[in-house]
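The values are calculated or read from the model by the stated rules, or taken from the named source; none is laboratory data. Since the structure is predicted, the reported quantities are computational estimates derived from the model, not experimental observations. All Cβ positions, even for glycine, are placed from backbone atoms using ideal geometry, and neighbour counts span all protein chains on display.
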Amino acid sequence: MDRLLARQIARNGGDSVPEGSVDEETRESMLQMLENQERRSLANLVGKGDPRLLYQQILEQSGGPLRSFLEQGEPDWTEVTDCAQVLEGILEAAGEHGFSADDLRTALIGALGTPLEVERMLDRLLEENPEPQGNDALLLDIVRGMDLKSRGIYSPEQLLDALYEALRSAGLSKKEALEVLRSHFPDHADLKEGLAGSSGGFLVPGLIGLLGLGLLLLLIFLRRRRK
């Protein structure tokens, strides 16, 4: 039926059908099909085939209940391997957690052409420090040689953790490393407090988060796999 509906939509400009030509149930099915196609297309454009990138983009462009849900913790990326699974997992939780498919659509549209916060952070750092000296120069050398995707860095927390560890490996003390980061990322000063306590940075909070959203999404995906 989907192919028949798609052909009928195409014959009528792609967005409508003649009144009375289909019953209400079929019309709703057509609309649902188009909405699903639109979400998949948006997800492919935003995520570029990278489910972790898609997840972070949705999180950064969302608000209210959807953002609260996503901030509970990331899914298990050994189980979630493509963008479609990210969409399915979020939509499965929509009603129960107080957000809608329209909220997800709005976040996806907002993410189009919008770089991640970590990318904007590094761009600002490089623009504002054309001639760095001392420890500032060390930080910028680290940044210039950093490949975010290959390092699995998608969030500000992950970026600050990686920069802190790199500064410490380069010989800076905990205090010096934190001072450098605080001076260049004042908007994220609260995130760096956890770095001084252990070399693991945000690893523990990240694992705790998996008990929230991660566990829920994993159960959803496993259930779908069994069907």
inquiry  = Being surrounded by fewer than 20 Cβ atoms within 10 Å (Cβ to Cβ) and closer than 16 Å to residue 112 by Cα is the filter here; which residues of region 64-93 pass it?
reply    = none
task = Among the candidates 99, 69, single out the residue that is more than 15 Å from the chain's Cα centre (by Cα) and modelled with pLDDT of 95 or more.
result = 99
message = Can you find, within region 106-165, the residue that is surrounded by the most Cβ atoms within 10 Å (Cβ to Cβ) among those that are outside any loop (DSSP other than H, G, I, E, B) and among the polar types (S, T, N, Q)?
response = 158
query = Is there a residue in region 56-66 that is part of a loop (DSSP other than H, G, I, E, B), of a type outside the set (Lys, Arg), at pLDDT 95 or above and within 30 Å of residue 157 (Cβ to Cβ)?
reply = yes
message = Give all pairs with beta carbons closer than 7 Å in which a residue from region 100-121 that is farther than 23 Å from residue 187 by Cα meets a residue that is not in a helix (DSSP H, G or I); count only pairs at least 6 apart in sequence or on separate chains.
response = 100/94; 101/94; 103/62
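The rows are residues; the columns are (1) within 28 Å of residue 47 (Cα to Cα); (2) among the basic types (Lys, Arg); (3) touching a residue at least 40 places away in the same chain (Cβ under 8 Å).
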site	(1), (2), (3)
153	yes, no, no
156	yes, no, no
162	yes, no, no
166	yes, no, no
170	no, no, no
175	no, yes, no
178	no, no, no
182	no, yes, no
185	yes, no, yes
task = Mind listing just one residue for me: the one in region 43-55 that is of a type in the set (A, V, I, L, M) and surrounded by fewer than 20 Cβ atoms within 10 Å (Cβ to Cβ) and, of those, modelled with the lowest pLDDT?
result = 45
